[in-house]
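*Asks:* Provided herewith is a single structure, encoded as structure tokens, for subsequent inquiry.
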There are 2 protein chains.
Amino acid sequence: MSTTAAKGFTAAGIAAGIKENGNPDLALVVNRGPRRAAAGVFTSNRVKAAPVLWSEQVLKSGQLAAVVLNSGGANACTGPKGFQDTHATAEKVAEVLGESAGEVAVASTGLIGTLLPMDKLLPGVETAAGALSEHGGEKAAIAIKTTDTVHKTAVVTSPNGWTVGGMAKGAGMLAPGLATMLVVLTTDADVDAADLDKSLRAATRATFDRVDSDGCMSTNDTVLLLASGASEVAPDQAEFAQAVRAVCDDLGQQLIRDAEGASKDIRIDVINAATEDDAVEVGRSIARNNLLKCALHGEDPNWGRVLSAIGTTSAAFDPNQLNVAINGVWVCKKGSVGEDRDKVDMRFREVRITADLAAGGETATVWTNDLTADYVHENSAYSS
Amino acid sequence: MSTTAAKGFTAAGIAAGIKENGNPDLALVVNRGPRRAAAGVFTSNRVKAAPVLWSEQVLKSGQLAAVVLNSGGANACTGPKGFQDTHATAEKVAEVLGESAGEVAVASTGLIGTLLPMDKLLPGVETAAGALSEHGGEKAAIAIKTTDTVHKTAVVTSPNGWTVGGMAKGAGMLAPGLATMLVVLTTDADVDAADLDKSLRAATRATFDRVDSDGCMSTNDTVLLLASGASEVAPDQAEFAQAVRAVCDDLGQQLIRDAEGASKDIRIDVINAATEDDAVEVGRSIARNNLLKCALHGEDPNWGRVLSAIGTTSAAFDPNQLNVAINGVWVCKKGSVGEDRDKVDMRFREVRITADLAAGGETATVWTNDLTADYVHENSAYSS
């Protein structure tokens, strides 16, 4: 269902020949209206890919007619020529759809530092436009995969007659400031650009921004939300925001489960923090601790590494009041040895770490995965 | 030569039975005077092991008669009992040497969250005291090893008649705020506590603090500098500071070369930064990028990952002015594709990354190593 679950959208995914292996590599999502409000959130990496610079600019109007996405090349660190290529791609989409390039967002993913093969990409846009369909969402989701083992889609339908759906790609270089990902969400609810932006930022802040696979932030992260208004329903803002968050949460979970080489999905709940920012800082510090991620891979409930990670943060806490549970067993109490660590059952894929800061009433959940030899292999054996 | 290279010191390293495999695990370094000025630098992790809390307190007097160090247990996150054990260890050393416990520093390394076997450690102190020798420096250096494959010592002798020497342990959990390490430096120069402190802080800031193996900061990092004054020479302060830095630099290099599972030593020179802090921030960000560390392991000069890491910092730079060289080949120029990456020779163990921020005249060098399947194996196969 993906980006075509909501009424008013067509999509396509085709093989343009950007990837040398012949796999699908070009996706097109088109908003047929009647409205075309849109919002976007982009990487906070200061080294931004050409398509990010382009799409940020385009989104200032609060309107999008279409999004074109390619895998097989990130078009990042490609200088003025890279930006010209992004511009040309948007112009080509505008030409075949009879729209303005100023309402066409572009997203790219793949290797940094190489130019896109425009002689394949531009004809690919024409092919994709010819393949547009109200059932094209799955194919679009497949075409944006890089090292993803599965394509990722999610849909929430409101009993009040509108839908939010979407697709995501990402399997590594996942870290806050958005996981490395391309995400396109669509809705047939009638929502203006300002409310779309509000809902999208609130959702990404609590979902994608708290998925931290390997601490590495991409140059290309892009999350877009397009509204067609085709349901003719103006939703309750709170209900709409909740639906957008649910779809982002679902896609974020799929990203972490497909993280490169991972054998454990690790949920980190930081509780009793003085502030939500403290909770997030602590959660991320734990999520980025390579030694802990190795230990969990080895099914070792090494809580000392959790405390060591907490100790590097600026969050409010007293080291002698910290409590840590792993899979429900409080192995650390008041900063020292707690229940017997042999009680911790580490056999399952999901590992749950609870870090109790004993400093207030705020909480946050951050997701990560273990660090494995497969991760090293995937990221050392070839350029990506 | 190690800690007994300088006159006025004796040392010993013995097997007390703290390690189950029977390897040496207890070291004692004693300052025979005539003076006993001392300085120390400790982990900035807010979760500090009992021996760190103890030794920080002891150092306030600016005097140390002895240092006792154990491997086989970190005595971190061990609560009030752990602190009592550290105190009892210092008291035991004081008793056998006829000194005050208030001038005995304690350092521990090994697994977090388990109590030390005091029934073995305290008799071990007596054994060590009986084994003290002016040639005991090597044995002391061997006794503090954990996952180290080699023991680490360094010595600088001044033509002006004084010496600085020392030992270090550390092979993982290496990150700023001191690499995870125990280091004891000794000198027979006649230097007061304030000048020792000044020299030591300046040295660690530019050496150990810029060694970042895996981004993980320990609860136990301790660097001590003891001066016996036995040479009867009061050195030039600048020359002395330079000698301390040279010994720290040498030991820091040995730490990175022995990092767990590493196959590449990576030197990161950040040049033309607006400030030294900017240069260090950028160097650390590059040093901590798991994706880059995997790529370098695979001998892939993936400069896009360098730019991506620079982009996550708050340093002053213009993305379109960044230049990156790998092993002398400027593969990235002005934020885009530079010389042919196939020109980069990646066959050797040392990899040199030069990141030119084009924003000023400051520089810093940060050392790290690659991320390998062996690292994952070492840190997942057993608790440490």
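The values are calculated or read from the model by the stated rules, or taken from the named source; none is laboratory data. Bear in mind the structure is a predicted one, so any value in this text is a computation, not a measurement. Counting neighbours? That spans all protein chains shown, and the Cβs are built from the backbone with ideal geometry, glycine included.
*Asks:* List pairs: first in the stretch A:242-259 and basic (Lys, Arg), second assigned to a helix (DSSP H, G or I), Cβ under 7 Å, 6+ apart or cross-chain?
*Replies:* So the pair list comes out as A:Arg245/A:Ala202; A:Arg245/A:Ala203; A:Arg245/A:Ala206.
*Asks:* Under 8 Å by Cβ, and 6 or more places apart or on different chains, what pairs join a residue from the stretch B:280-296 that is farther than 18 Å from B:Met346 by Cβ and facing chain A (nearest Cβ under 8 Å) with one that is aliphatic (A, V, I, L, M) and in a helix (DSSP H, G or I)?
*Replies:* B:Arg288/B:Ala309
*Asks:* Counting just the residues of the stretch B:25-48 that are more than 14 Å from every other protein chain (Cβ to nearest Cβ) and out of contact with any strand residue (DSSP E or B) (no Cβ under 7 Å at 6 or more places or on another chain), which one comes out surrounded by the fewest Cβ atoms within 10 Å (Cβ to Cβ)?
*Replies:* Step by step, filter the stretch B:25-48, then rank; the result is B:Pro34.
*Asks:* Turning to a different aspect of this structure: Looking at the stretch A:365-380, which of its residues are of a type in the set (S, T, N, Q) and at the interface with another protein chain (Cβ under 7 Å from one of its Cβ atoms)?
*Replies:* Matches in the stretch A:365-380: A:Thr372, A:Asn379, A:Ser380.
*Asks:* Would you please name the residue that is modelled with the highest pLDDT, looking only at residues in the stretch B:322-336 that are crowded, with 19+ Cβ neighbours inside 10 Å and of a type in the set (S, T, N, Q)?
*Replies:* Out of the qualifying residues, it is B:Asn323.
*Asks:* Let me ask another. Quickly run through the stretch B:302-316 and pick out the residues that are out of contact with any Ser or Thr (no Cβ under 8 Å at 6 or more places or on another chain) and either under 17 Å from A:Ala74 (Cα atoms) or within 7 Å of chain A (Cβ to nearest Cβ) (or both).
*Replies:* The answer is B:Trp303, B:Arg305, B:Val306.
*Asks:* Just name the residue that is farthest from B:Thr187 (Cα to Cα) out of those in the stretch B:230-241 that are in contact (Cβ under 8 Å) with a residue 40 or more places away in the chain and not acidic (Asp, Glu).
*Replies:* So, considering only residues that are in contact (Cβ under 8 Å) with a residue 40 or more places away in the chain and not acidic (Asp, Glu), the one farthest from B:Thr187 (Cα to Cα) is B:Gln237.
*Asks:* Read through the list (1) surrounded by 24 or more Cβ atoms within 10 Å (Cβ to Cβ); (2) at pLDDT 95 or above; (3) out of contact with any Lys or Arg (no Cβ under 8 Å at 6 or more places or on another chain), then give the number of the only condition that A:Leu53 fails.
*Replies:* All conditions are met except number (1).
*Asks:* Then there's this: Kindly establish whether B:Ile266 is at pLDDT 90 or above, in contact with an Asp or Glu (Cβ under 8 Å, 6 or more places away or on another chain) and more than 14 Å from chain A (Cβ to nearest Cβ).
*Replies:* So B:Ile266 fails the test.
This table checks each residue for (1) in contact with a Gly (Cβ under 7 Å, 6 or more places away or on another chain); (2) outside the structural domain of B:Lys169 (by TED's automatic domain parsing); (3) within 21 Å of B:Thr147 (Cα to Cα).
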position	(1), (2), (3)
B:Asn23	no, no, yes
B:Arg32	yes, no, no
B:Arg46	yes, no, no
B:Ala49	no, no, yes
B:Gln57	no, no, no
B:Asn75	yes, no, yes
B:Gly79	yes, no, no
B:Ala88	no, no, no
B:Glu91	no, no, no
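*Asks:* Select from the stretch A:310-321 the residues that are within 19 Å of A:Arg288 (Cα to Cα) and at pLDDT below 95 and write down the one among them that is farthest from the chain's Cα centre (by Cα).
*Replies:* A:Gly311
*Asks:* Given (1) surrounded by fewer than 18 Cβ atoms within 10 Å (Cβ to Cβ); (2) touching a Ser or Thr at 6+ places or on another chain (Cβ under 8 Å); (3) within 14 Å of another protein chain (Cβ to nearest Cβ), where does A:Glu339 come up short, assuming only one miss?
*Replies:* Condition not satisfied by A:Glu339: (2).
*Asks:* Here is a check on your reading of the model: is A:Asn272 on the phi > 0 side of the Ramachandran plot, in contact (Cβ under 8 Å) with a residue 24 or more places away in the chain, of a type outside the set (Val, Ile, Thr) and in contact with a strand residue (DSSP E or B) (Cβ under 6 Å, 6 or more places away or on another chain)? Lay out the reasoning, then the answer.
*Replies:* Numbers: on the phi > 0 side of the Ramachandran plot: yes; in contact (Cβ under 8 Å) with a residue 24 or more places away in the chain: yes; of a type outside the set (Val, Ile, Thr): yes; in contact with a strand residue (DSSP E or B) (Cβ under 6 Å, 6 or more places away or on another chain): yes.
It is true that A:Asn272 is on the phi > 0 side of the Ramachandran plot, in contact (Cβ under 8 Å) with a residue 24 or more places away in the chain, of a type outside the set (Val, Ile, Thr) and in contact with a strand residue (DSSP E or B) (Cβ under 6 Å, 6 or more places away or on another chain).
*Asks:* Looking at this structure, is B:Leu64 within 26 Å of B:Met217 (Cβ to Cβ) and either in contact with a Ser or Thr (Cβ under 9 Å, 6 or more places away or on another chain) or in the same structural domain as B:Ile18 (by TED's automatic domain parsing) (or both)? Give the derivation first.
*Replies:* Values: within 26 Å of B:Met217 (Cβ to Cβ): yes; either in contact with a Ser or Thr (Cβ under 9 Å, 6 or more places away or on another chain) or in the same structural domain as B:Ile18 (by TED's automatic domain parsing) (or both): yes.
Answer is yes for this residue.
*Asks:* Just give me the residues in the stretch A:137-172 being surrounded by fewer than 21 Cβ atoms within 10 Å (Cβ to Cβ), within 14 Å of chain B (Cβ to nearest Cβ) and either modelled with pLDDT of 95 or more or touching a Leu at 6+ places or on another chain (Cβ under 9 Å) (or both), in sequence order.
*Replies:* none
*Asks:* Among the residues of the stretch A:227-242, are any more than 17 Å from A:Gly166 (Cα to Cα), within 14 Å of chain B (Cβ to nearest Cβ) and assigned to a loop (DSSP other than H, G, I, E, B)?
*Replies:* no
*Asks:* Inside the stretch A:357-367, can you point out the residues that are of a type outside the set (A, V, I, L, M, F, W, C) and part of a strand (DSSP E or B)?
*Replies:* A:Glu362, A:Thr363, A:Thr365 - these are the residues of the stretch A:357-367 that are of a type outside the set (A, V, I, L, M, F, W, C) and part of a strand (DSSP E or B).
*Asks:* Also: Of the residues A:Ala15, A:Ala11, which single one is more than 26 Å from B:Val282 (Cα to Cα), crowded, with 23+ Cβ neighbours inside 10 Å and in contact with a Gly (Cβ under 7 Å, 6 or more places away or on another chain)?
*Replies:* Details: A:Ala15 fails: crowded, with 23+ Cβ neighbours inside 10 Å.
Checking each option against the conditions leaves just A:Ala11.
*Asks:* So, in the stretch B:208-235, exactly how many residues are at pLDDT 90 or above and of a type in the set (S, T, N, Q)?
*Replies:* 3
*Asks:* Please find, within the stretch B:76-89, the residue that is farthest from B:Thr186 (Cα to Cα) out of those that are of a type outside the set (Gly, Ala, Ser) and away from every other protein chain (no Cβ under 11 Å).
*Replies:* B:Gln84
*Asks:* Suppose we filter B:Ala66, B:Ala94 for residues that are under 20 Å from the mean Cα position of the chain (by Cα) and crowded, with 17+ Cβ neighbours inside 10 Å; which single one remains?
*Replies:* B:Ala66
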